[in-house]
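To start, the structure itself, in structure tokens.
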Amino acid sequence: MDPGGPVRSLVWGAGAIGGTLGAFLARAGHDVTLVDSVAEHVAAVNRSGLTISGPIAAFTTPLPAFTPDTLHGAWDTIILATKAHHTETAVRALLPHLTPAGCVVSAQNGLNELAIAAVVGEARTVGAFVNFGADYLEPGSILYGGRGTVMVGEAFGDPSQRVTPPPRAVAIRDAWRDFDDRAAATPNIWGYLWAKEAYGAMLFATALTNESIADGLARPEYRPLYIALAREVLAVTLARGVHPEAFDGFDPAAYLPAAPAGAAEQSLDHLVAHNRKSAKTHSGIWRDLAVRKRPTEVDAQLGIVAALGAEAGVPTPLTSAVVQLIHEIERGERPQSMETLDALAGVMT
């Protein structure tokens with residue numbers, strides 16, 4: 001990989017996140033190929049290019065797109081941007097297209113680097129943290145609604161050797177700065193991924209309702225619930241020896257039991273302000289439930305936290321309750337409503 005030069009990348013999963021990232025990289029002159037399982041999306045991109053809309057940028061860029069069964073060739077850099085619960089299936093499908101010295105970069109929510117490494121090996125797994133807001137609108141069209149932190153880092157190897165980001169992560173960061181000039185490399189990618197697990201637990205809670213992210217987090221009567229959820233996930237984080245990192249208004253230290261009074265509420269205020277700046281008002285979780293009527297990432301994102309918590313001896317009753325309630329909405333047994341959020345709050349009493 002040539003630091004500072006064009007990067008040849010395969011983006012596996014060309015929806016909201018992968019499509020946005022791939023379109024910006026292609027527009028900047030990088031050699032980008034898209035793969036997506038939605039044939040209509042692939043056909044639209046090949047016919048008319050990929051269109052990005054929203055307050056930050058509006059453009060259409062041509063780039064080649066394929067369904068997994070029509071793809072040929074091998075790449076040194078494969079950006080995986082599928083939903084978390086599709087990770088293992090996707091990695092097994094992309095494996096023949098990964099060069100022996102190449103790597104898979106997880107541009108997903110969750111702790112998917114664990115599942116990726118189980119298939120391709122730790123040495124070929126790179127972590128990434130993406131917190132920008134985007135929505136898949138229709139075939140060939142994606143809304144890029146709001147900027148957010150973008151980090152790249154090695155997920156495995158001797159932590160003592162990751163004091164500074166190694167060259168591979170730096171090269172990916174340099175390329176990704178053509179998407180967001182604030183993209184950075186970090187020696188502590190797990191700190192960002194676990195911190196987003198805590199923030200993500202709060203987003204799953206807001207998705208139990210039809211409230212926007214900002215409106216949901218702003219409601220004072222539910223703030224003790226959001227704080228307790230984040231604290232529960234962070235307890236698992238610390239039990240695994242990970243130092244969580246702050247990003248985009250979410251300050252993990254503010255939610256810990258020893259934090260000063262009012263610190264968590266101040267962090268929630270910052271999260272509200274961050275989300276009010278985005279044209280993407282609702283989480284992808286809410287969109288999966290309310291708009292796309294499909295299963296969410298709840299097992300891959302929060303189910304794994306409950307499992308790792310049990311392994312570490314850390315109880316996670318609220319996290320487990322969120323998983324259960326989301327599944328009940330998926331099955332049509334509960335509505336997205338304030339009453340459903342109240343059912344979660346009842347677990348605290």
**Q.** In order through the stretch 126-132: 3J(HN,Hα) via Karplus (6.51 cos²θ - 1.76 cosθ + 1.60), integer Hz, x for Gly, Pro
**A.** 10, x, 8, 10, 10, 10, 7
Q: Can you spot the lysines whose alpha carbon is less than 21 Å from Lys277's alpha carbon? Ignore those fewer than 8 places along the same chain.
A: Lys196
Q.
If you restrict to DSSP beta bridges whose two residues both lie in the chain, what percentage is antiparallel, to the nearest 5?
A. 35 percent
(Q) Using helices alone, I'd like the mean residue ellipticity at 222 nm for the chain: each DSSP H run of four-plus residues gives -39500 (n - 2.57), total over residue count, nearest 500. (A) -12000 deg cm²/dmol
Q.
Please report the net charge: other residues with Cβ closer than 11 Å to the Cβ of Pro295, K and R +1, D and E -1.
A. +1
Q: Mind ranking 241-250, 111-120, 311-320 by how tightly packed they are, going by the mean number of other C-beta atoms within 10 angstrom, highest first?
A: 111-120, 241-250, 311-320
(Q) Through the Karplus equation 6.51 cos²θ - 1.76 cosθ + 1.60, θ set to phi - 60°, convert the phi angles of the stretch 230-237 into ³J(HN,Hα) values in whole Hz; use x for Gly and Pro. (A) 4, 4, 5, 5, 5, 5, 5, 4
Q: Round to the nearest 0.05 the FRET efficiency obtained for Ala246 and Arg276 when R0 = 30 Å and r is the Cβ-Cβ distance.
A: 0.95
Q | Gaussian network model of the chain, springs between alpha carbon atoms under 10 Å - residue of Gly216, Gly191, Gly121 with greatest fluctuation | A | Gly121
Q | Proximal lysines to Lys293, defined as alpha-carbon separation beneath 19 angstrom and excluding residues fewer than eight positions away on the same chain | A | Lys83, Lys280
**Q.** the stretch 36-183: C-alpha gyration tensor shape, a/c 1.5 cut-off, then a/b vs b/c
**A.** oblate
Q) What is the stretch 250-290 by shape, rounded, prolate or oblate, if you read a ≥ b ≥ c off the alpha carbon gyration tensor as root eigenvalues and call it rounded for a/c under 1.5, prolate for a/b larger than b/c, and oblate otherwise? A) prolate
Q | Rg/Rg_globular for the stretch 162-296, with Rg_globular taken as 2.2 N^0.38 Å and Rg from C-alpha atoms | A | 1.14
Q | Estimated vicinal HN-Hα couplings, Hz - the stretch 73-86 in sequence order (Karplus 6.51, -1.76, 1.60; Gly, Pro = x) | A | x, 9, 10, 7, 10, 10, 8, 8, 9, 7, 4, 4, 6, 9
Q: Using the heavy atoms of the protein chains and a 1.4 angstrom probe, tell me the accessible area per residue for the stretch 208-349 in square angstrom.
A: 44 Å²
Q: Name the residues whose placed amide hydrogens come within less than 5 Å of the amide hydrogen of Thr77, ignoring near sequence neighbours (fewer than 5 apart) on the same chain.
A: Leu10, Cys103
Q: Among Gly22, Gly127, Gly303, determine the one that fluctuates most according to a GNM of the chain built with springs between C-alpha atoms less than 10 Å apart.
A: Gly303
Q. Is the stretch 34-100 rounded, prolate or oblate when judged by the Cα gyration tensor, a ≥ b ≥ c being the square roots of its eigenvalues, rounded requiring a/c under 1.5 and prolate requiring a/b larger than b/c?
A. prolate
Q. In debye to the nearest 20, how big a dipole does the chain give about its Cα centre with +1 on each Lys and Arg Cβ and -1 on each Asp and Glu Cβ?
A. 420 debye
Q) Once Lys and Arg get +1 and Asp and Glu get -1 on their Cβ, which of Val104, Val11, Val91 lies farthest toward the positive end of the dipole of the stretch 1-123? A) Val11
Q) Taking amide H positions as placed 1.01 Å from N in the peptide plane, with prolines and chain starts having none, which residues 5 or more places from Gly146, or on another chain, fall under 5 Å of its amide H? A) Gly133, Ala279, Lys280
Q. When the accessible area of the chain is computed with all protein chains present and a 1.4 Å probe, what percentage of it is carbon and sulfur?
A. 54 percent
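The values are calculated or read from the model by the stated rules, or taken from the named source; none is laboratory data. Predicted model, so just to flag it, every value in this text is computed and none were measured. Backbone-built Cβ (ideal geometry, glycine too); neighbour counts: all protein chains shown. SASA here: full protein model, heavy atoms, side chains in, ligands and nucleic acids out. Shrake-Rupley method; radii C 1.70, N 1.55, O 1.52, S 1.80 Å.
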